[in-house]
1. Out of segment A:54-71, which residues are within 14 Å of another protein chain (Cβ to nearest Cβ) and more than 25 Å from the chain's Cα centre (by Cα)?
2. With the condition kept exactly as written, say whether any residue in segment A:112-132 is assigned to a loop (DSSP other than H, G, I, E, B), away from chain B (no Cβ under 14 Å) and modelled with pLDDT of 75 or more.
3. Out of the residues in segment A:204-226 that are under 20 Å from A:Lys284 (Cα atoms) and not aliphatic (A, V, I, L, M), state the one that is surrounded by the most Cβ atoms within 10 Å (Cβ to Cβ).
4. Just for segment A:338-363: of the residues that are over 21 Å from the mean Cα position of the chain (by Cα) and among the polar types (S, T, N, Q), which one is surrounded by the most Cβ atoms within 10 Å (Cβ to Cβ)?
5. Output the number of the condition that A:Leu282 fails; it satisfies all remaining conditions of (1) under 28 Å from A:Lys206 (Cβ atoms); (2) out of contact with any Cys (no Cβ under 9 Å at 6 or more places or on another chain); (3) touching a residue at least 12 places away in the same chain (Cβ under 8 Å).
6. Please work out which one of (1) touching a Phe, Trp or Tyr at 6+ places or on another chain (Cβ under 8 Å); (2) surrounded by fewer than 17 Cβ atoms within 10 Å (Cβ to Cβ); (3) within 14 Å of another protein chain (Cβ to nearest Cβ) is the condition B:Tyr127 fails and give its number.
7. Consider segment A:32-56. How many of its residues are assigned to a strand (DSSP E or B), within 16 Å of A:Leu282 (Cβ to Cβ) and of a type in the set (Phe, Trp, Tyr)?
Amino acid sequence: MNVIGIRMRPETLFYFNIIFVVNCFQLIIGSVEDYNNAFSEELLIRPLPSGHVYSHFEFTTLWTNKRIKESILNYKDFDFVHYDLFPRAFGEIVERYHVRELHLSLTQGLWRYHKWGYPVVEAPPGAQLWTWKDLVNALSGLFCASLNFIDSTNTVSPELSFRPLGITNPSYSQNSSLMRYTALPRENVCTENLTPWKKLLPCDTKSGLSTLLHPTPLYSAYYHSLSLHMRPICEDKDCRTPVLELVQSLSLVQKLFNEMDGRQDWTLRSLFSAPLISVCPLSKISKIYVDITENENLEIFKLDPLPPNVETQGEGTAKRSLAIYDNLMLVKDGPFNLQARYPNKHIYGIIPVPSLQVSRFITGHGLERGSIRSITVKLVNSCPNQLTVTYLEVLPWYLRLFFHTSHFLLPESSMYVSKLVTARDRERGWLYEVVVTLPPHSTTEMQLEFGRALLKWLEYPPDANHGFYIPSALTMKKLESKSFLGMKIIDKLKSKFLKKKSKEEESKEELSQKPSEDPKDKDKDEDRGGGEENKKGITLRKRVKEVHSIKDLAIYSLAV
Amino acid sequence: MLAKEILFFINPDVDLNILTETIHAMTFNPSANLNPSKDLKITKEIIQNKGIKAMRQVPTEPAYDVTLTLMLPQPHFLKAEWDVSAAVKDYLDPLVDELKDIVELRIRSQILYMTSMRINPKWSSNYKHYSLPEKQLPLTINSIEAKLGSFVSTRPSLHFIVYIPSDLQTPLYIHRNDGTPLESNSFLIPRWGGIMIHNPPEKLIEKKGNSSLPLTFQIDSQWVMKTVIFHLHKLFPIPSLNEKDVKYTEQIYANSLTDWQINGLARARVLSYLNSIKITLQSLCDLVGEISNMVVSDEVAGWVWSAVDDWKLCLDASQEGRLEEATAFCKRAFVSSDAAFFHPSMLALLYFPDNQKYAIYVPLFLPVSIPVVLSFRTVFKLLNFKAKKD
């Protein structure tokens, strides 16, 4: 089975290496705080069969030192003192609110799975936040987003969905009470969120790939997602050197057709309204990748300049080829404007559907049947294997769900409710999490009936014409094969690159560090939560716990 | 740590006049020895007289965030290496430790890349360096302040910036108004912190043409940290002797604070706490008195009561010279008075003072009432008309 979303990149956990030791002289061993940190900037451009162009920026900051190692391995709060590349404004929040892992995304627009395939990082429209240990309200100040609307009525702790993506031991990762997830579908994203997000980058917008981020092309895109992910990861197999990773990513889907011409041509200038003129001097890696999976001979479109390097990975449907440009080499000769030229007009055809598709919509209308409507979910499994997925629905309290009449239309699909939290008025929302087995080549339909509670006049959201927004539902599937999707290749390359440079430091590290703990204690847990659990019920969890592709949301409005 | 008694060792040959002057300067520091309950006026006067020096002082609070920032505007050209943790350990930690009973300092450091100050230095041909005139100094921090801070902590923060000038401004020296360069090449920003301009070694700049970039150099930790400590002394301020007094005293512990300095600081801070708590509580009182229907929750009332109690204890302790206890009580009182004043429930509802209610309702009801009043005339007319008819 392959290709189901890749929020998590399991194999990357072990490949990172840290380079870059700034202060080498240690006066007293153990007292010196070393700045072991590295920064990389990458851009993946993937022309989509629908005529759109998908671009994904990824800025990664890795950081480790003695204190961080200790906090990660012993599950202590982070205690940062001397910041270098890692942004202090964010670090202070992590420290103060005892965060171990944090994922925040701000998204405008809807990812069209059936047309665009799977993105590198999934995000539902609006704001989404999931963190470990504590909910972080200070973030709303940092990102100028209305995250302060997050309260007990829309915060949940799902049982199986969202496991830690970083290193944890099984008992920690299975403890869902440490995890909070919330989504604000109403939240708009605009430049006021982009500016503070850019400020967290070590080079700001002064140089490097971040100079391409001009608000106008960004916010006129079909889909735009801004995100920030922090997690502890492992550098080596034994997990002797845990590293804190901060990934800031930005995804865009644009369509810049010249309608007259009908070609899918794009250049850096047409995508971002500027060519690349510099590289962030602090970055160890600064690269642009172009996905040329169906275009290995450069027949469908030509790249100018020709890619100096092409990397291919995976087999069958999971095969991916990337053209790799090293920006450092390219910007030396003046502004670098990567161009793709299509000799032929774009032809709209049938786009092969992804293996798993989910759509959700509201059925029923008006006030007949006591104004009972239903949320209908269609899960389409188009691959030849059986899939077991977790489906998570987080709904506001003012919907009254009727579970006794909820049902699956396909009888042979097995279903199991892993967690159900019933709503309490004005106190907490619904959490409905089910595990569904989808037979091969099938469509499974699920209906959840609901009515709507009466609200006090102050509880209605502003802008009555919008109606009510309901957060996206989520479908998660454990990836059984280590399949691709874009960034995995990047990570591989990255790790290779970093490894070469860091061999010397690595050996030093190992000498100076005594493995004080039994390595069994800190299960490095490739598939987070992993480990060999024998308890009942956990097998199921094990099967499902993995990766997720956030599916579909209905921006849904009820007449007020 | 805070001693009640201080032992003086006096040289028998000393001139008595000088002795009294020096001891007076050390113990009867005017801002440190006032009876706060009576003398609010006097402190104000002193502040007026002392002028700039008093404005320099940071607001009195139990804890501060001290941030050391290394600014590298051109990391691709110049790279500075600085072992901050060692520098902090060697220079600042002893000071933090000495002051820990009086004030808590939380030290953090960060490096800011690609950010430069908006300054316009001029080439000074006399001195063969770039000069930064004194009058530009107040504007330096405006462009960088947004990047320095964090939003999380409510403690006041003190920033110390080590600025490495960019390629086209090296070497950079601050010039006085009369055009002479400032030896320290650093300046203090009142209530905020300090900025040090750290030029790379001249040799390094000379060979910039023929060596690979970035050029790397070591930050002079000793100079930076001494300046930071000097600025910290001025910001609190930690009492010190005038130059004329210094020559009569033996400087035995040159690197650490003497007991009388710590005592003086503690005394000044207790005084300042007593005043600010009083002002906070007073304005809270005024506010509640002014808005008669304001809801004061039990929690807020509790904070106020504990602040008042601690304030009293602090006052008693300070009058008896128990400085350590006084500091502890005052800190507690300060925290609870602030908690009461800034409690979210105090602002949960919108309150209008009575005079504002009139201001809102009169323009609404007056125009509405005019046609109503006028219609009475018509009614009377009608009644009159009917009466006549009858």
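The values are calculated or read from the model by the stated rules, or taken from the named source; none is laboratory data. Since the structure is predicted, the reported quantities are computational estimates derived from the model, not experimental observations. All Cβ positions, glycine included, derive from the backbone under ideal geometry; neighbour counts span all protein chains shown.
1. Across segment A:54-71, the qualifying residues are A:Asn65, A:Lys66, A:Arg67.
2. Yes, the conditions are met somewhere in segment A:112-132.
3. So, considering only residues that are under 20 Å from A:Lys284 (Cα atoms) and not aliphatic (A, V, I, L, M), the one surrounded by the most Cβ atoms within 10 Å (Cβ to Cβ) is A:Gly208.
4. Step by step, filter segment A:338-363, then rank; the result is A:Gln339.
5. (2)
6. (3)
7. 1
Conditions tested, residue by residue: (1) free of Cβ contacts under 8 Å to residues at least 24 places away in the same chain; (2) over 30 Å from A:Phe143 (Cα atoms); (3) not acidic (Asp, Glu).
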{"position": "B:His159", "(1), (2), (3)": "no, no, yes"}
{"position": "B:Leu168", "(1), (2), (3)": "yes, yes, yes"}
{"position": "B:Ser184", "(1), (2), (3)": "no, yes, yes"}
{"position": "B:Ile195", "(1), (2), (3)": "no, no, yes"}
{"position": "B:Ser212", "(1), (2), (3)": "yes, yes, yes"}
{"position": "B:Thr216", "(1), (2), (3)": "no, yes, yes"}
